[in-house]
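Report on one structure; see the data block that follows.
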Amino acid sequence: MYSINLEQHQLEQKGRHLYIDINISILCKYIADDGAIVLTPVLKDHEHSLELPLVIINGRQRHKCFKGMLRYFKPYHIYKALRGCSNSEVTCCYELRIPFEKWMNRAQISLMTSCEAHQKQRHHA
């Protein structure tokens, strides 16, 4: 249905913040007009885990509706919503600055994905 390439460019502490800079490429082999793929970046080490804001790739019809309702989704911490088309590639430059905690020195970024069928996969940078 889709394949994902996660390329980590930066995961670096500067002062009291952790800077995250990754590129996410999604090859949508098929996405239904009313379907969606939800990508959740996760920062984790062996003891801690932090879900970061979501990236959503919507099918054509769902994206039209989603854009009109985006203000109602604020509690979900959405980083970006993009429109996906079957047999096409969608890219997202994901840049984020979060407060640094000591455990983040050992952390890595992984990506949890789900789609309409609620299939879960993990991809590591």
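For the range 26-48, which residues satisfy the criterion of being in contact with an Asp or Glu (Cβ under 6 Å, 6 or more places away or on another chain) and of a type outside the set (A, V, I, L, M)?
Gly35, Thr40
With respect to Arg97, is the statement that it is modelled with pLDDT under 80 and of a type outside the set (Val, Ile, Thr) true?
no
Working carefully through the options Cys85, Cys115, Cys92, Cys65, find the one that is closer than 20 Å to Glu12 by Cβ and at pLDDT below 95.
From the options Cys85, Cys115, Cys92, Cys65, the qualifying one is Cys92.
Would you point out which residue out of Ile31, Ile22 is closer than 19 Å to Leu6 by Cα, buried (at least 18 other Cβ atoms within 10 Å of the Cβ) and either touching a helix residue (DSSP H, G or I) at 6+ places or on another chain (Cβ under 7 Å) or at pLDDT 80 or above (or both)?
It is Ile22.
The values are calculated or read from the model by the stated rules, or taken from the named source; none is laboratory data. All values reported here derive from a predicted model rather than from experimental measurement. Note that each Cβ is placed from the backbone with ideal geometry, even for glycine, and that neighbours are counted across all protein chains shown.
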